[in-house]
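Below you'll find the structure, written out as structure tokens, and then a few comments.
Rule-based calculations on the coordinates, nothing more; no lab input. Owing to the predicted nature of the structure, the values given are computational and were not obtained by experimental measurement. Note that each Cβ is placed from the backbone with ideal geometry, even for glycine, and that neighbours are counted across all protein chains shown.
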């Protein structure tokens with residue numbers, strides 16, 4: 001195992017962690033700017049909006065990812 005890397009068994013947690021961090025940051029930013037406009041108040045509100053959406057999205061992603069993988073395998077030739 002290369003230094004500084006987690007063992008392969010952590011892939012099932014690290015991948016959804018990174019995916020949920022990126023997706024919730026983008027989606028929450030778009031939603032809050034669209035609803036409030038691009039202001040300093042909106043920018044100061046965004047971190048808490050993002051944190052709430054991530055706190056929901058990460059556990060949900062952990063739960064649904066196995067189902068998504070099975071559905072993908074049924075649709076896409078591996």
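Would you mind putting 36-45, 17-26, 69-78 in packing order, based on average other-beta-carbon counts within 10 Å, highest first? List each step's numbers first, then the result.
Values: 36-45: 11.2, 17-26: 14.7, 69-78: 8.1.
Descending mean neighbour count gives 17-26, 36-45, 69-78.
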| If you line up the long axis of helix 40-75 against the longest principal axis of the chain, both from Cα atoms, how many degrees apart are they, to the nearest 10? | 20 degrees
| the chain: Rg/Rh from Cα coordinates, Kirkwood Rh? | 1.12
| How far, in degrees from 0 to 90, does helix 11-36 lean away from the longest principal axis of the Cα atoms of the chain, to the nearest 10? | 20 degrees
